[in-house]
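See below for the structure under consideration.
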Amino acid sequence: MNNSINNNMDEIDILCVGEVLVDFIGHQENVLINETRDYHRYLGGSPTNVAMNSTRLGLNTIMVATVGNDGFGSYITERLTSVGVNTNHLNVLDDKSTSVIFVSRSEGTPDFIPYRSADCCIYEEQISKEILSHTKIFHTTCFALSKNPAQKTILKKAQEAYDLGCKLSIDVNYARKLWKSQKKAFKVIKTYCQFNPLIKISEDDMLRLFEKELPHEEIFDFFHNQGVDTVCLTLGSKGVKLSQKGKEVIQMPAIKIDKVMDSTGAGDAFWSGFLFAYIKEKSINECLDIALKLAALKLQNVGRLPDNINILSKLL
């Protein structure tokens, strides 16, 4: 692992910190895992998807994550480098195996079973202050924050990033099976919210986190009360709502598509588009527009986004 950074290098647009995984996505459509017979292998992990998508959109992206010294770890490293993601801060461990997740293929939020090992072993030495001082957006996920040592590392480095003037971002992709308790999850999420990150959540995330359906206004108020200015709530086929503290809620419809091929990674595609436009200093409405276009493109493709996503970047 190489922690050096060239002082003359370009600014880092997005530093993605968190889980890198191998996703085995079910081949049979619209069935749960207990009825899935065949799986296809894909690169996975929410911050990994954002790193890949952002790089292909032309942004300078670094992935901070950990894999095992095994075939899956090699596959991940090769996939990231083939696109141009900076992997100098990808840690490779001999005593842990690369984390794997089995995912059902569905139109809605997929069912999943995680087999975690290396992904949570993210350490402070992987993220220097020098890197943070060159970074525009520090992005992570609720998944990454669910387990130590990654949890402790990310919270500490998020504070450093915030103090250095870096904008923070988080996908609150809460899943109960990843956390010791709901109480712990709330505590960690509230701690991260103190740094005023851009928040991306889904209706399903919120149903799992609060364990009941809440009016959208209450969801927005919860995050605003923690010190967050911008909260983006994705509504699946109903589009998206975005709340900025003290302003009127913006709502935009989803782009209609003929057939959903695979919903895995659609939220990551959406957020990649949003962050891309945000870095380009576009209006919030333009950020949502490009985000919705990328999400629609992802829904029509199994696995990764198609190679032509850089065409979208030329729209801005």
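The values are calculated or read from the model by the stated rules, or taken from the named source; none is laboratory data. Source: prediction; values computed, not measured. FYI the Cβ positions are ideal-geometry reconstructions off the backbone, even for glycines, and counts take in every protein chain you see. SASA here: full protein model, heavy atoms, side chains in, ligands and nucleic acids out. Shrake-Rupley method; radii C 1.70, N 1.55, O 1.52, S 1.80 Å.
Of everything in the stretch 133-144 that is touching a helix residue (DSSP H, G or I) at 6+ places or on another chain (Cβ under 8 Å) and more than 18 Å from D268 (Cβ to Cβ), the residue that is surrounded by the most Cβ atoms within 10 Å (Cβ to Cβ) is T135.
For the stretch 162-185, give me each residue that is among the small types (G, A, S), within 17 Å of the chain's Cα centre (by Cα) and farther than 24 Å from F102 by Cβ. Listed by number, the list holds a single entry, S169. G227 meets each of the listed conditions (1) more than 18 Å from P110 (Cα to Cα); (2) touching a Phe, Trp or Tyr at 6+ places or on another chain (Cβ under 6 Å) apart from (2). For the stretch 190-206, the criterion of a residue being open to solvent by 40 Å² or more (accessible area, probe 1.4 Å) and of a type in the set (A, V, I, L, M, F, W, C) is satisfied by no position.
Results for (1) farther than 18 Å from C16 by Cα; (2) among the hydrophobic types (A, V, I, L, M, F, W, C); (3) modelled with pLDDT of 95 or more, shown as yes or no for each residue.
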site: K147; (1), (2), (3): no, no, yes
site: L155; (1), (2), (3): no, yes, yes
site: A158; (1), (2), (3): no, yes, yes
site: L164; (1), (2), (3): no, yes, yes
site: S169; (1), (2), (3): no, no, yes
site: V172; (1), (2), (3): no, yes, yes
site: A175; (1), (2), (3): yes, yes, no
site: K183; (1), (2), (3): yes, no, yes
site: I189; (1), (2), (3): no, yes, yes
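Taking (1) more than 30 Å from E29 (Cβ to Cβ); (2) open to solvent by less than 10 Å² (accessible area, probe 1.4 Å) in turn, K147 satisfies each apart from (2). Take the stretch 283-305 and flag every residue that is at pLDDT 95 or above and either surrounded by 23 or more Cβ atoms within 10 Å (Cβ to Cβ) or part of a loop (DSSP other than H, G, I, E, B) (or both). Across the stretch 283-305, the qualifying residues are S283, C287, L288.
Residue by residue, here is whether (1) at pLDDT below 95; (2) among the aliphatic types (A, V, I, L, M); (3) open to solvent by 50 Å² or more (accessible area, probe 1.4 Å) holds:
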site: I33; (1), (2), (3): yes, yes, no
site: N49; (1), (2), (3): yes, no, no
site: T55; (1), (2), (3): yes, no, no
site: A65; (1), (2), (3): no, yes, no
site: D70; (1), (2), (3): no, no, no
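Residues in the stretch 150-185 that are buried (at least 24 other Cβ atoms within 10 Å of the Cβ) and of a type in the set (F, W, Y): Y174 alone.
Of everything in the stretch 94-115, what is of a type outside the set (V, I, T) and open to solvent by less than 50 Å² (accessible area, probe 1.4 Å)? Give them in sequence order. Don't jump to the end; show me each part of the working.
Taking the stretch 94-115 as the starting set, the residues that turn out to be of a type outside the set (V, I, T) are 94-97, 99, 102, 104-108, 110-112, 114-115.
Correct list: S99, S104, R105, S106, G108, P110, F112, P114.
Figure legend. Inter-residue proximity from the stretch 67-90: first residues touching a residue at least 12 places away in the same chain (Cβ under 8 Å) and farther than 17 Å from Y42 by Cα, second residues in a loop (DSSP other than H, G, I, E, B) and open to solvent by 60 Å² or more (accessible area, probe 1.4 Å), beta-carbon distance below 8 Å, spacing 6+ or different chains. Indicated pairs: N69/D94; N88/M1; N88/N2; N88/S4; H89/M1; H89/N2; L90/M1.
The number of residues in the stretch 176-190 being out of contact with any helix residue (DSSP H, G or I) (no Cβ under 6 Å at 6 or more places or on another chain) and of a type outside the set (K, R) comes to 5.
Tell me, which residue of the stretch 199-234 that is in a loop (DSSP other than H, G, I, E, B) and not aliphatic (A, V, I, L, M) is nearest to F143 (Cα to Cα)?
For the stretch 199-234, the residue satisfying everything is E211.
Of the residues making up the stretch 235-262, those that are modelled with pLDDT of 95 or more and β-branched (V, I, T) are V240, V249, I250.
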